[in-house]
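The next block holds one structure in the form of structure tokens; read it before the comments.
The values are calculated or read from the model by the stated rules, or taken from the named source; none is laboratory data. Remember, predicted model here, so these are calculated numbers, not experimental data. Glycine gets a Cβ as well: all are built from the backbone with ideal geometry, and neighbour counts include every protein chain shown. Heavy atoms of the whole protein, side chains included, go into the accessibility calculation; ligands, DNA and RNA do not. Shrake-Rupley method; radii C 1.70, N 1.55, O 1.52, S 1.80 Å.
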Amino acid sequence: MKEVLLTNCEKNFVNKSVEQGTRLDGRSLLEARNVKIYFASNWGSCMVLLGQTRVVAQVTCDIQQPKTSRPNEGMLHINVELNPMAAQHFDSGRQSEISILISRQLEKCYQDSKCIDLESLCIIADKKVWNLRVDINVINHDGNLIDCASIATLAALSHFHRPDVTSNGEDIIVHPFSEKDPLPLTLYHYPVCVSFITFESGSTVMDPTYLEERVGVAQLTLGINSYRELCSLHFNYLTKTMTVEDVISAVSSYATNYAVQLVQQIKEAVNYDVEARYKKDDRNTNRFKECIMTKKLTTMNSECISIKLRKWSEIENIESDVDMEKKKEETENCTIIKPGIGSAELIPNTNISFGEGGPNTWNMSESSEEEISDIEITTVIKKEENKTIENIELNGDSEEENIEILETKDLMQ
Amino acid sequence: MEVSVGDVVMPGDTVKDITTITKKETIILGPGLRREADTVYAYKAGVLKKTEPAVYYVDSYQKRYVPNRGEHVVGIVTQKGGDIFKVDIGASEQASLSYLAFEGATKKNRPDIQVGDLVFAKLLVASKDMEPELVCVDSHGKEKKLGILSSEGMLFSCSLSLIRKILNHNSPLFNMLAHSQAFEVAAGMNGRVWVKARTIQETIAIATAILAAEYAPLSGIKKLCSDIEKTLLLTQSGNVD
């Protein structure tokens, strides 16, 4: 079926409202929609909701012969499928231009940035390696498929566990999950995509909806990992236009901060679910069944309303507002007291200046795994560059680069 | 399964009330009901309803529009060719609209319509075997409320049951909204609504009110309208700061 024609009326209205800094769903220009992640009962399967956009990802693995050019590396394939269930104009069966575009962008982001340790997927060099396949199914399309798909891919890959393999000389034995515990994949870094749309007026919005995607004139997707490194970049003019300039430099730092936060959220969700599985404790987990909530039909149900003003939800929450604020304060206090968690909220809290914000997180990193994200460490360093150099040298053995920076500082002084 | 008025029905259910009526009166079967010999079957899922004296129908939730003769719809002009416009009304097939079916239009004086414009029109022909046909005039050649919708407003879609709910004569939504806001609205039976108010914020607020009305009971409409008013005041005061 053909896509419904974009009317002049929608085009005018969206352009005008963005020019005034208003978006139809009540967000500010650089504000993303809520991300929800639900996991299925098996390893490496998850559903991601970005507003009304909904994507299911599933990672599977099988044993294959490696490519002759890379005999000791496993393989990763990403496959995106769009069917008419997502939107009426998607054809089932053959690959459309947009699905090729999305899968290529994901390949750039995950495969070409070498975020997965493919060498650890080798069983016998030149003969047998693990072949990973990520299948992405779009369930509902409300704009920004690429971000949603990338979140789903990352969550699925970091959640996936492959069966253990042992070899007795000639034969290899693939152990079922009941015999040996499955092994997780090794991820060197965690990239996600963050998308923007620029309008005729020159203003840029983050995480566009379907309507905004159709009205916009230029599209930008940045693949950023939690170390604030750029992994992929896609910039595309949707129509002929002269108005777009300097989008990348304008939004890149904002995108990086958002990406760091998002990766943290994904990691937490994955860790929580994996831990729950190890403990065989199925309570309080985010499984598929949790996303099919029975909703009460009330006016308060603003999630279902696609068009609203920013203050609309405030009106609805006026009664519960006071409680919410109290809770917020409580949680903020909690993050200061427990520094070991390594949550994204920790970073702003370190602004209080070092030494005041609770126990020293620095010594903790020595004993804990590499898992604790490096952003925290680097921010901490920035804060106390001049104060305690000895302390850093003592504990800096995990990161070579950091030591170098500090030594040059030292010399300059 | 046998069902009676007020029940939730599924396709294939038989309606008990109608078969037991022995009085000699005309019974009208509305959408979702079909008669085969002496039994009346439901062929849609929804709530069985009855209006006096004897009109039965199934009130169902759906988003896909099936054209019906005489209904008003909001359509998108997708093609201009020869002497007809092709209009997308959300049905399985595009409808046709003659350029002569506008008020005061003659062979020389054509209406000024571009591809992508919106029209509010009435279905003149809607049968299952033929292309639907639209007109923008009534039988006296007057336009009344029909015609081109200005491209200043906003278009959004909603479910067909919501449209039926707000266009119902008993629905207080538009009357109550009109107490505090000034706006123009064109609600088509095909689930498309066009709204225009003085500012962007007001337009969005009206759209919110219409969409939120789907989840509001009849008694809650008043609170909904006052909520909308409060929201607008907050937004406007926020802009001044």
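Observations, loosely collected:
- The range B:43-91: number of residues that are closer than 20 Å to B:Gly32 by Cα, in contact (Cβ under 8 Å) with a residue 12 or more places away in the chain and not small (Gly, Ala, Ser): 22
- Filtering the range B:194-204 to residues that are more than 8 Å from chain A (Cβ to nearest Cβ) and surrounded by 23 or more Cβ atoms within 10 Å (Cβ to Cβ) leaves only B:Val195.
- Note on the range B:107-126: residues that are more than 12 Å from chain A (Cβ to nearest Cβ), in a loop (DSSP other than H, G, I, E, B) and either out of contact with any Asp or Glu (no Cβ under 8 Å at 6 or more places or on another chain) or open to solvent by 70 Å² or more (accessible area, probe 1.4 Å) (or both) total 6.
- Residues within the range A:209-256 that are aliphatic (A, V, I, L, M), touching a residue at least 40 places away in the same chain (Cβ under 8 Å) and either touching a helix residue (DSSP H, G or I) at 6+ places or on another chain (Cβ under 8 Å) or in a loop (DSSP other than H, G, I, E, B) (or both), tallied: 3
- Selection status of A:Pro191, at pLDDT 90 or above and crowded, with 17+ Cβ neighbours inside 10 Å: yes
- Consider the range B:151-183 and keep the residues that are over 15 Å from B:Ile206 (Cα atoms) and within 14 Å of chain A (Cβ to nearest Cβ). The one that is most open to solvent (accessible area, probe 1.4 Å) is B:Lys165.
- Checking the range B:131-150 against the condition returns no match, with no residue being under 15 Å from the mean Cα position of the chain (by Cα) and within 14 Å of another protein chain (Cβ to nearest Cβ).
- Flag for B:Thr231 being farther than 29 Å from B:Tyr65 by Cα, surrounded by 15 or more Cβ atoms within 10 Å (Cβ to Cβ) and at the interface with chain A (Cβ under 7 Å from one of its Cβ atoms): yes
- Residue within the range A:83-100 that is open to solvent by 10 Å² or more (accessible area, probe 1.4 Å), in contact (Cβ under 8 Å) with a residue 24 or more places away in the chain and under 27 Å from A:Val270 (Cα atoms) present: no
- Which listed residue is among the small types (Gly, Ala, Ser), assigned to a helix (DSSP H, G or I), within 12 Å of another protein chain (Cβ to nearest Cβ) and closer than 24 Å to B:Val119 by Cβ, from B:Ala207, B:Ala186, B:Ala213: B:Ala207
- Flag for B:Val58 being in a strand (DSSP E or B), closer than 26 Å to B:Val9 by Cβ, out of contact with any Ser or Thr (no Cβ under 7 Å at 6 or more places or on another chain) and among the β-branched types (Val, Ile, Thr): yes
- Of the candidates B:Val74, B:Val66, B:Val55, B:Val47, the single residue that is of a type outside the set (Asp, Glu) and open to solvent by 70 Å² or more (accessible area, probe 1.4 Å) is B:Val66.
- Summed over the range A:52-80, the residues that are acidic (Asp, Glu) and assigned to a strand (DSSP E or B) give a count of 1.
- So A:Gly51, is it away from chain B (no Cβ under 14 Å), buried (at least 21 other Cβ atoms within 10 Å of the Cβ) and out of contact with any strand residue (DSSP E or B) (no Cβ under 6 Å at 6 or more places or on another chain): yes
- In the range A:60-73, the residues that are in contact (Cβ under 8 Å) with a residue 40 or more places away in the chain form Cβ pairs under 8 Å with partners that are among the acidic types (Asp, Glu) and surrounded by 14 or more Cβ atoms within 10 Å (Cβ to Cβ), at six or more places apart or across chains, as follows: A:Thr60/A:Asp135; A:Pro66/A:Glu73.
- For the range A:3-18, the tally of residues that are more than 9 Å from every other protein chain (Cβ to nearest Cβ) and open to solvent by 20 Å² or more (accessible area, probe 1.4 Å) stands at 2.
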